[in-house]
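Right, one structure below, let's go through it.
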Amino acid sequence: MDEFITLRKYIEEKDYIKALEIVGELEEMSKEDKLNKIYSYAVILLVHLIKQEAEKRTTRSWDVSINNSVREIKRTNKRRNAVFARGNAGVSPAYSTLAAGVSPMSDCDKTRRKAGGCYASQDELIETIEEAFEAAIKRAALEAFEGRHDGAELVQMIDVAKIKETALTLING
């Protein structure tokens with residue numbers, strides 16, 4: 001990445017203002033990547049919640065997909081302590097997280113530390129769920145009831161607010 005070469009150059013030249021600008025750009029790129037992953041998992045989560053609500057049933061496969069999506073959203077959203085993120089030779093990341101006194105699945109508000117916390121704020125999670133819902137309803141329409149209903153019809157069969165609230169509750173739980 002050119003950014004790292006430029007960053008090194010600015011540090012070597014002791015131009016810390018420009019170096020910090022590059023660091024800020026890198027942080028923003030990292031956050032955008034995390035938010036994109038959260039969005040992708042939110043779509044999967046919502047698809048299965050929509051199908052459950054519309055069909056008034058569930059399957060083990062849907063339940064597993066919901067649980068996997070929630071776990072991956074939490075995992076992606078959680079910031080790691082910088083010391084442990086680099087990792088120590090022979091020490092697993094799971095052990096490092098536990099050694100830091102943090103449960104791997106604890107929610108972000110409980111793990112706010114100097115280098116901890118979350119990539120997405122609560123408002124950003126809500127916004128992501130809102131945005132992901134549009135893609136999810138289209139996908140769910142293809143899958144629910146063997147694809148007999150389009151997205152608009154499916155929306156009429158479900159409680160949209162309840163599904164969004166359930167998704168947020170699962171993510172925050």
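Read the figures in this text as sums done on the coordinates, not as results from a lab. Since this is a predicted model, take the numbers as computed values, not measurements. Here Cβ is always computed from backbone atoms with ideal geometry, including for glycine, and neighbour counts include all displayed protein chains.
Quick rundown of the values:
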item: Full-stretch length increase - GLU165, GLU143 - with 0.36 nm per residue and alpha-carbon distance subtracted; result: 5.7 nm
item: Positive-end extreme of charge dipole, the range 29-83 - chosen from ILE44, ASN67, ALA54 (charges on Cβ); result: ASN67
item: Least to most buried among ASP33, ASP123 (fewest other Cβ within 10 Å first); result: ASP123, ASP33
